[in-house]
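Report on one structure; see the data block that follows.
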Amino acid sequence: MKREELTGDWWLPSAPERQVAGTLSYEPDGYPELKLRGALSDGKESKDRLVVLGRTGDGPVTAEIDFQTNLARGFSYGVETVHQSFAVRLAIVGAHLPGSSDRRYSQISLDLTGIWPWTGWHGPTGRGSTPGEVTITYSRPPELIADLEWGRVRLFGTHSESYKGWARASLEVGARFLCERAEAAPMEAWLAEVVGPLRDFLSIATDRASQVVEIGVILPDEHAYGRVIYSATHVDLPPHPALPFDFPFTAVSIADEFGSVLGRWFELRRRQGRALALYLSTQYRASDLAETRFLNVAGAAEAYHRRTTGPRAVPEGHKQRVDRIVAALASTDLARRDRALVRWRLRKGDEPTLESRLTEMARRCENVLQPSLGDPAAFGKRVAAARNLMVHSDPSHLAGLPDGRTIIDMFEDVGLVFLVCLYQDLGFQDDTIKTMLRRTERWRFLEYRKRAWFGEPTAVLREEP
């Protein structure tokens, strides 16, 4: 989301005669704020969840207020001055929508950083047809469509022409998602159920952070177009642009399965939301400390495995073992509530450990990541031991804490395991996943780590029993 500053007159729908000058501003690392040179009302109504209308140089604006942030009164040359400020939950530029029923939308368009190179579509081409003449040709690519449970997502190409005097002309091409719902929904629902998942999908598909650039809305009268200002997630964008051949997969490479891949993604996002949030935090906040990123990706892997396998049936033998232990305690002086505590602690004694979860996930990835990953059991043990030491031990007694290079190595390995399992669940086969990953900077770093840091991977991948 870009920086915004909209200056004009503002009023409450219930008091259009009382208009106050002010500015709606937004900084990418903050939240939208409406600052007024006066008070909207002298009434006692709540200043939370108000709707404020405005007339600005960019057109009409509807601002949904979250809460009042400041109300300052003073006197200057004997005249009272009032300044009022509000935190804005979101704003629609392009229309006045005072009623809640007006602020329900059936269609939005979504522009994301990196979406055009991710498509894999061809841009304009130019050639000289005659001396002194250049012809630029651009054919809009065919749309890709995914029919989902809540509606439809279309990936389509965009283009715009601009002219500067008689000597300069330009053609700019791009791509957007156009999303349609069977039933209109408020913008909060769009952000949580569509915008966030599609941003995360692009980040997974390109293996690099993506950010919302602009959200457009088709307004209720179906003839007007507005755009949304809201406090978007601010991410650490990669310092250099990537090209389609750097991505695990592009829209072109999954064109025949676009609908099914996107459908599986939305289902995964629904079930694995917390695990994906932990994993993507390592992309969206790449500047975080290596230890923080490692702990987040380890937590992501644990959460992903837990949601993938679901609750496990307790073996009958384990129940009998707990009953025997508690029965033996009945003949001692142990209080009844203490025996109940023992039973409660032992009841989950067969819960898989972090080590076993990581080992199982690593085994899923053997066809893709071996021999670089090494023995899955040793991998699970190494990562779990480091994570447990960092989380549970006294910070002043961290004997055996891995050094920075080892933490980065484990972070990257767990990230690869997580990605491979995710790609498998999106429907990709192991051979395809290996080809996908070999195109990425992550894979090139993998080879560098294992060869330059630790030497060539050993040929013996696991100990013999």
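For region 296-318, taking the residues that are of a type in the set (S, T, N, Q) and modelled with pLDDT under 90, the one that is surrounded by the fewest Cβ atoms within 10 Å (Cβ to Cβ) is identified as Thr309. Scanning region 184-199 for residues that are over 18 Å from Arg154 (Cβ atoms) and not small (Gly, Ala, Ser) yields Pro186, Met187, Glu188, Leu191. Just one of the listed residues (Arg343, Arg293, Arg347) is among the basic types (Lys, Arg) and modelled with pLDDT of 80 or more, and it is Arg293.
Close contacts from region 412-437, counting a first residue that is within 18 Å of Lys450 (Cα to Cα) and a second that is buried (at least 20 other Cβ atoms within 10 Å of the Cβ) and among the β-branched types (Val, Ile, Thr), with Cβ to Cβ under 8 Å and a gap of 6+ residues or different chains, come to Asp413/Val383; Val414/Val297; Val414/Val383; Gly415/Thr282; Gly415/Val297; Lys434/Val368; Leu437/Val368; Leu437/Val420. Among the residues of region 159-173, is there at least one that is under 25 Å from Val61 (Cβ atoms), surrounded by fewer than 18 Cβ atoms within 10 Å (Cβ to Cβ) and either of a type in the set (Ser, Thr, Tyr) or modelled with pLDDT under 95 (or both)? Yes, region 159-173 contains at least one residue that is under 25 Å from Val61 (Cβ atoms), surrounded by fewer than 18 Cβ atoms within 10 Å (Cβ to Cβ) and either of a type in the set (Ser, Thr, Tyr) or modelled with pLDDT under 95 (or both). When region 255-295 is filtered for residues that are buried (at least 21 other Cβ atoms within 10 Å of the Cβ) and small (Gly, Ala, Ser), only Ala275 remains. Does any residue of region 84-100 turn out to be in a strand (DSSP E or B), touching a residue at least 40 places away in the same chain (Cβ under 8 Å) and of a type in the set (Ser, Thr, Tyr)? Yes: region 84-100 contains one or more residues that are in a strand (DSSP E or B), touching a residue at least 40 places away in the same chain (Cβ under 8 Å) and of a type in the set (Ser, Thr, Tyr). Applying the criterion of being modelled with pLDDT of 90 or more and not in a helix (DSSP H, G or I) to the residues of region 373-413, the residue that is surrounded by the most Cβ atoms within 10 Å (Cβ to Cβ) is Leu373. Do we have any residue at all in region 218-233 that's within 22 Å of Leu416 (Cα to Cα), buried (at least 18 other Cβ atoms within 10 Å of the Cβ) and not basic (Lys, Arg)? No: region 218-233 contains no residue that is within 22 Å of Leu416 (Cα to Cα), buried (at least 18 other Cβ atoms within 10 Å of the Cβ) and not basic (Lys, Arg). For region 183-200, residues that are over 22 Å from Ala251 (Cβ atoms) and either touching a helix residue (DSSP H, G or I) at 6+ places or on another chain (Cβ under 8 Å) or crowded, with 17+ Cβ neighbours inside 10 Å (or both) total 4. The set of residues in region 195-233 being at pLDDT below 90 and within 10 Å of the chain's Cα centre (by Cα) consists of Thr233 alone. Of the strands (runs of 3 or more DSSP E) contained entirely in region 110-151, those carrying at least 2 residues that are at pLDDT below 75 and aliphatic (A, V, I, L, M) fall at 133-137. Within region 427-438, not a single residue is at pLDDT below 90 and in a loop (DSSP other than H, G, I, E, B). Number of residues in region 7-28 that are of a type in the set (A, V, I, L, M), more than 34 Å from the chain's Cα centre (by Cα) and either within 30 Å of His234 (Cα to Cα) or in the same structural domain as Thr113 (by TED's automatic domain parsing) (or both) equals 1. In region 13-28, the qualifying residues are those that are among the charged types (D, E, K, R) and surrounded by 13 or more Cβ atoms within 10 Å (Cβ to Cβ), and the one that is nearest to Leu40 (Cα to Cα) is Arg18. Can you report the number of residues in region 437-453 which are farther than 15 Å from Leu369 by Cβ and of a type in the set (A, V, I, L, M, F, W, C)? Residues in region 437-453 being farther than 15 Å from Leu369 by Cβ and of a type in the set (A, V, I, L, M, F, W, C): 2 in total.
The values are calculated or read from the model by the stated rules, or taken from the named source; none is laboratory data. None of these values were measured; they are calculated from a predicted model. Positions of Cβ are generated from backbone atoms using ideal geometry, with glycine treated the same way; all protein chains shown enter the neighbour counts.
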